Every structure is written in C-alpha cells, then in structure tokens.
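Every read-out reported here was derived from the displayed coordinates using simple, explicitly stated rules and does not represent laboratory data. Since this is a predicted model, take the numbers as computed values, not measurements. For neighbour counting, all protein chains shown are included, and Cβ atoms are generated from backbone atoms with ideal geometry for every residue, glycine included.
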Amino acid sequence: MPNIKECIEGVARLQANDPRAAAMLWGPPGMGKSAAAKEIHKRQGLDPERFLSINVTNHEVWDFTGVPEIVDGTDGNGRMTSFAPTDIFARFRKGTGAGTINLEELPQSSIHHQTWAAGFIEDRKTTLFELDPEVRFICTGNRAEDRSGAKQLLAHLNDRLYHLIMETCVDSWCEWAMENGVDPFMVAFIRLRRELLNDFDPARRSNPTQRSWTRVSTQVPVDLPTGIYLALAEGKVGEGAAAEWVAARDMMGQMPNIDAIRLHPTTTEIPEKPAVRFAVATAMSMSAEESMFARDMTYINRMPPEYQMLYVTDALRLIPELAQSSAFTKWAIDNKDIMIGGN
C-alpha cells in the first residue's frame, strides 16, 4: 500500500496529466485524508480559493440534484417543470478555470448519494451547468472495518475512481508537523514510538491518530498541572498512549538547553536516553539557522549516526540552502555510507 506522501504525489501527477481522473482516498479516521486532498490541490499549483470540501452526508440528495419548480416553457410549450439545484458548485461552472471538489465521507453516504456522485463525477454537470473541464474530483472515506458507518460503494461508482488505501507514514507526518506548529517534543516522541501515530481501534472511545496527536499539541495548554494535562490527553489519544507521551515529555524536559548547546557545542553533554536524544535533534533542527549550522554540526557529530541523519535531514528540509555549506559538505563526505543507506 502507498503511504500518504506517495498518494499525494501520485494523485497530483495523475490529475495534472488528466483533470478528469477522479481519486478515492481510503483510510481509518484521523489519518489525514482531508489534509491529503488539500495537499494534492496545492501540489498542482491551484488557487487555494478554488478548493471545495463537501461532507456528502451533511446534505440531502436534492441539494445536489435540484428541487422541482414550475417555469414558463419556450417556443409555446406552456408551463414546465425545471430542477433548480443549490449554488454549491456554481463557482466551478464552465469557464471559471481549474479547481478541486473534495467529496468527503462518500462510503458513509446513502445509495442515493452514491448514485448522484457516480453521475456527477462521470458527467461533470448539474441540471443547470457543466463543470469546467479543469475541475478535479477527490473523494475520501473510512473503510468498513473501521466501524464508522462506512459501507460498500456501488459498483459503477467504484469503476469511476482510482482507489488508494493510504498507509501511515511517520516521516511525512513529522515533516508536516514541523511546519504546522506541533510541539517539537511530540514530533520526537512519535519518531521514538512510531506505531502510535495511527493506532486506531474502533472498540476504543479515544485513539492515537494523526489528527488527535495534532490536536493535543495545539489545543491543550502545556503549562497545566500534570494530572489535568494527562486527563485531557487521555480524552483525545487514549489512556495508554497518553501515559507514554506524558512520561516521555517529562523526560525530554531534562534535555540540555539548546542555546547552551550552541554556545558550547564541544562540551555540552550528550544525553544518554534515546527519547532525550530524539528531542534534542528534533528541537535543534526545527530551530536551525544558517549562522548556527556549523555549531549545530559540531554538537550533532558527537551523537550516534541515526541522530545525525535525523538532524541533517530535517534541517535541510526546512533550509535547503544549508546543503551548500562547508559544514554539510564535510559531514556528507565523512558519512557517505549513512547517506547512501538513508536513501
């Protein structure tokens, strides 16, 4: 199965080649399917304002197909019945240019919704107008085994979609998290406990998922008393995962001060515990600057190879210009075996 990053890259290239190619992203709740749809839109260089996400189950079918109204006929045909849909898709009509329509929770929808979706995706029109030929379709939904109300899609709807079952990718989430305000300690913790990024079990009320970890990081105040913080974290990611996270967070809090490391890169201690090493390497990479890169490398070179690779990969992702520095060139030459293995 492709991971999230591969799904994004594949669908973006597919739809750039042919906008009529419609994709269906499958995965458990909280895995980032909606975010992936937005990223696919972005990767194609499309206007952010031209992305529309519709939760199909929040609408009645006639919102899309139209309600009947009596109108005057043409050419002396008398009164006629016309169907007037809402203006949901009007801004994607022919002549408006490229855009993306994201149909959310399609497997949870009714047979009538699915029948409408099959026709809409194939015919690309409402009763009043055609869609622009550059408009793309992306559908998302949970699997039946997730016990979230999902059901089998209709056969003719299945036939009109490219189906991709997304697999968890820790590196892709960490890359996204570093650019979206997630606590560096949490990024480090997920790298240490990779299996907890998406551990969804429909029998549990709360689960560790990409969405729930992100919300704990961005919504729960970090300065709460430990007991209260733990209770709130349990309410979002579940008891076991929350306990591990809070314990690791407390441990990571013992890491050397980053400013102290940069002032004394040759003498500041190297932590013994893996969780703290992950925290140091992640925190340093997320705060890397060109002016401090050589000092960072002096310290990082004293750590085991896997932490060196972690720091360098993340720092270069955030500041690609660092690849032109003498500090990186020397490290890359000295560690060419690590570089080859990492790729």
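Observations on the model:
- The GNM of the chain, with springs linking C-alpha atoms under 10 angstrom apart, assigns the highest mean-square fluctuation among Asn257, Asn198, Asn142 to Asn257.
- Restraint check, Lys42/Lys125; Lys38/Lys125; Lys94/Lys151; Lys5/Lys94; Lys33/Lys273; Lys42/Lys330, Cα-Cα greater than 26 Å: Lys94/Lys151; Lys5/Lys94; Lys33/Lys273; Lys42/Lys330
- Mean-position separation - Cα centroids, the stretch 34-48 and the stretch 103-156, in angstrom: 19 Å
- Low-density loop cleavage sites - chymotrypsin sites (Phe, Trp or Tyr not before Pro) in the stretch 97-201, where at most 15 other Cβ are within 10 Å (DSSP): Phe129
- log₁₀ of I(q)/I(0) at q = 0.13, 0.17, 0.24, 0.25 Å⁻¹ - the stretch 1-87, Debye sum with one point per alpha carbon: -0.63, -0.83, -1.20, -1.24
- Spread of Cα-to-Cα distances over 10 Å intervals beginning at zero, given as percent, for the stretch 170-342: 10, 37, 33, 16, 5, 0
- Net length gained if the chain between Glu321 and Thr266 were fully extended (0.36 nm per residue, minus Cα distance): 17.4 nm
- With K and R counted +1 and D and E -1, the other residues having a Cβ less than 15 Å from that of Ser287 yield a net charge of -4.
- Karplus (6.51, -1.76, 1.60) ³J(HN,Hα), θ = phi - 60°, over the stretch 89-100, in Hz, Gly and Pro reported as x: 9, 4, 6, 10, 5, 3, x, 8, x, 5, x, 10
- Paramagnetic reach from Thr57 (point 7 Å along Cα→Cβ, amide N under 19 Å) across the stretch 13-35: 24-35
- Length-normalised contact order of the chain in % [C-alpha pairs under 8 Å, at least 6 apart]: 16 percent
- FRET E, pair His112, Asp159, Förster distance 25 Å, beta-carbon r, rounded to 0.05: 0.85
- Taking the charge dipole of the chain about its Cα centre, with +1 at Lys and Arg Cβ atoms and -1 at Asp and Glu Cβ atoms, the residue from Gly32, Gly240, Val61 reaching farthest to the positive side is Gly240.
- Across Val71, Val312, Val246, mean-square fluctuation computed from a Gaussian network of the chain (C-alpha pairs under 10 Å connected) peaks at Val71.
- Here each label is just a point 7 Å from Cα along the line to Cβ, and for Ser82 and Asp334 those points are 7.6 nm apart.
- Among Lys38, Lys125, Lys330, residue whose mean-square fluctuation peaks in a GNM of the chain (springs only between Cα atoms under 10 Å): Lys330
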